[in-house]
Structure formats: structure tokens, C-alpha cells
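Visitor: Before I ask anything, here is the structure I am working with.
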Amino acid sequence: MWRRASLLLLLLPAVAHAHPGHGPAIVQVGVGLDNRFDPRSVTVGVGDTVIWRWGSGFNHSVTADDGVFDSGSRTSGEFTHRFTEEGTFGYHCTVHPTQMSGQVTVVSVAGADVEPPRLSQVRVSRRGRRHRIHFTLSERADVLARIQRRKRTVRAFDIAARAGANRSRVRTRGLDPGRYRIALTAFDAADNRSATLTARLRVRRR
Ligand SMILES: [Cu+2]
């Protein structure tokens with residue numbers, strides 16, 4: 001699709017945001033004399049690895065609350081686990097179960113934003129020869145507008161639209177007189193796509 005290249009660029013910041021650190025997250029196990037995991041909670045993307053590093057020389061373990069992973073009690077070295085499913089996973093130290101607990105939140109790499117934008121109240125107004133398209137959006141989005149005649153797109157343009165009510169000029173100069181439709185589809189920054197809504201457009205003879 002012709003939009004892909006530009007949308008992919010828009011998508012990158014969203015991925016980076018939902019995917020802190022871009023790769024493994026490192027957690028210190030036992031810091032000095034403190035019995036704690038530092039940081040206590042981390043967020044990674046699906047498929048990322050968390051590395052726990054023993055720092056104090058005292059005995060600690062990294063043990064999943066549901067038993068899925070367990071480093072065993074040890075005083076040094078590293079333990080790693082790769083997270084392949086979305087969710088929140090609690091873990092603790094079996095030596096200090098009341099003091100030491102932590103959690104790993106695993107998010108989809110496609111981004112936390114999976115909600116498509118919602119388009120509504122699409123209509124065309126006309127004053128003299130000037131047409132405008134009006135619509136309402138649930139969130140900020142790029143709106144692809146296609147002017148169609150008998151289901152064929154004869155002209156397309158983009159509207160950088162905001163949440164709430166929007167209106168935009170529709171250039172009809174050069175179009176043959178007749179009945180058209182304008183089809184609108186909204187894409188948010190995470191590339192979620194709205195349903196396509198249409199409105200009628202009538203181009204009169206000049
Ligand atoms: Cu411990």
C-alpha cells in the first residue's frame with residue numbers, strides 16, 4: 001500500500017515507547033545489604049529477555065509466583081528468562097519471600113495502542129462552489145479521503161485531523177459534474193485503522 005512507508009515511520013516512536021530498553025531488561029538482585037529487586041518492576045516487549053544479576057554476595061532466588069521459572073538460591077551470577085506472552089508476571093525470592101518481590105509486564109510489540117480511531121458524523125457541505133467535508137474523530141489521526149465515482153477513486157488526499165470535530169476543504173475543481181462519494185478512513189499513530197465511512201458529494205456544472 002502506498003501509505004505503508006510513511007505510516008511505518010510514524011509507528012516507530014510508539015513501538016519504542018511500548019518496548020522500553022529495546023531488548024533485554026536488567027534487574028539487580030540484592031543491592032548491597034538491601035534485600036530487593038532493582039528495579040522492582042520492568043516492562044518489556046513480547047519475545048524480550050529479562051536478565052537478573054546478583055549483586056550483593058548474599059543468597060537470593062528469582063522464582064516465578066506461578067513456578068514457571070526459578071533460578072534457585074545463589075549468591076552471584078546471572079539468571080535469564082525470555083517472555084513470550086503478554087501479561088503481568090510476579091516473582092519473588094524464596095529466601096526473603098516477604099521482603100523481595102518483583103514483577104515483569106510484557107506488552108505486545110505492536111504497541112499498547114490497539115484501539116482503532118472511530119469516525120462519525122461524516123457529511124459534505126457546500127457554499128457556492130466550495131465543498132467541505134465534516135467529520136468527528138475519537139482521537140488524533142491521519143484521515144485518508146478518497147473521492148470516488150462508481151467505486152473508482154478519482155482523487156485522494158490526506159487530512160491531518162484532531163480529536164473531535166473537523167472540517168476540511170474538498171477540491172472539486174477539474175472533476176466532471178456529477179455525483180460522487182467521499183470515503184474517509186482514519187489511521188492513528190499506531191496504524192490502527194477505522195471503519196471507512198462515506199458521504200455524498202455533488203459536483204455541479206460551472
Ligand atoms: Cu532474597
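The values are calculated or read from the model by the stated rules, or taken from the named source; none is laboratory data. Note that the structure is predicted; figures quoted are calculated from it, not measured. Here Cβ is always computed from backbone atoms with ideal geometry, including for glycine, and neighbour counts include all displayed protein chains.
Quick grid of which residues meet (1) modelled with pLDDT of 95 or more; (2) surrounded by 15 or more Cβ atoms within 10 Å (Cβ to Cβ); (3) touching a strand residue (DSSP E or B) at 6+ places or on another chain (Cβ under 7 Å):
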| position | (1), (2), (3) |
| --- | --- |
| 107 | no, yes, yes |
| 133 | yes, yes, yes |
| 137 | yes, yes, yes |
| 148 | yes, yes, yes |
| 165 | yes, no, yes |
| 168 | yes, yes, yes |
| 175 | no, yes, yes |
| 188 | no, yes, yes |
| 191 | no, yes, no |
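Visitor: Does residue 101 satisfy being within 11 Å of the ligand (Cβ to nearest atom) and either free of Cβ contacts under 8 Å to residues at least 24 places away in the same chain or outside the structural domain of residue 25 (by TED's automatic domain parsing) (or both)?
Guide: No; evaluated as a whole, the condition is false for this residue.
Visitor: Among the numbered conditions (1) under 30 Å from residue 37 (Cβ atoms); (2) away from the ligand (no atom under 16 Å from the Cβ); (3) touching a Pro at 6+ places or on another chain (Cβ under 9 Å), tell me where residue 141 comes up short.
Guide: (1)
Visitor: Can you find even one residue in the range 42-57 that is loosely packed, with under 14 Cβ neighbours inside 10 Å, part of a strand (DSSP E or B) and among the small types (Gly, Ala, Ser)?
Guide: No: zero hits.
Okay, residues lined up against (1) free of Cβ contacts under 8 Å to residues at least 12 places away in the same chain; (2) on the phi > 0 side of the Ramachandran plot; (3) touching a Leu at 6+ places or on another chain (Cβ under 6 Å):
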site: 164; (1), (2), (3): no, yes, no
site: 176; (1), (2), (3): no, no, no
site: 180; (1), (2), (3): no, no, yes
site: 186; (1), (2), (3): no, no, yes
site: 191; (1), (2), (3): no, yes, yes
site: 194; (1), (2), (3): no, no, yes
site: 197; (1), (2), (3): no, no, yes
site: 202; (1), (2), (3): no, no, no
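Visitor: While we're on this one: Read through the list (1) more than 11 Å from the ligand (Cβ to nearest atom); (2) at pLDDT 95 or above; (3) over 31 Å from the mean Cα position of the chain (by Cα), then give the number of the only condition that residue 94 fails.
Guide: (1)
Visitor: Residue 67 versus (1) at pLDDT 95 or above; (2) surrounded by fewer than 16 Cβ atoms within 10 Å (Cβ to Cβ): which is the lone unmet condition?
Guide: For residue 67, the exception is condition (1).
Visitor: Pull out all pairs, ordered by first then second residue, where Cβ-Cβ is under 8 Å, the residues are six or more apart or on different chains, the first lies in the range 126-149 and is assigned by TED's automatic domain parsing to the domain that holds residue 170 and over 13 Å from residue 184 (Cβ atoms), and the second is charged (D, E, K, R) and crowded, with 21+ Cβ neighbours inside 10 Å.
Guide: 139/188; 140/188
Visitor: Out of 77, 90, which single residue is touching an Asp or Glu at 6+ places or on another chain (Cβ under 8 Å) and without any contact (Cβ under 8 Å) to a residue 40 or more places away in the chain?
Guide: So the residue among 77, 90 that is touching an Asp or Glu at 6+ places or on another chain (Cβ under 8 Å) and without any contact (Cβ under 8 Å) to a residue 40 or more places away in the chain is 90.
Visitor: For residue 84, only one of the following conditions fails: (1) among the hydroxyl-bearing types (Ser, Thr, Tyr); (2) more than 35 Å from the chain's Cα centre (by Cα); (3) loosely packed, with under 12 Cβ neighbours inside 10 Å. What is its number?
Guide: Failing condition for residue 84: (2).
Visitor: Could we say that residue 88 is assigned to a strand (DSSP E or B), under 30 Å from residue 58 (Cβ atoms) and not acidic (Asp, Glu) here?
Guide: For residue 88, the condition - assigned to a strand (DSSP E or B), under 30 Å from residue 58 (Cβ atoms) and not acidic (Asp, Glu) - is met.
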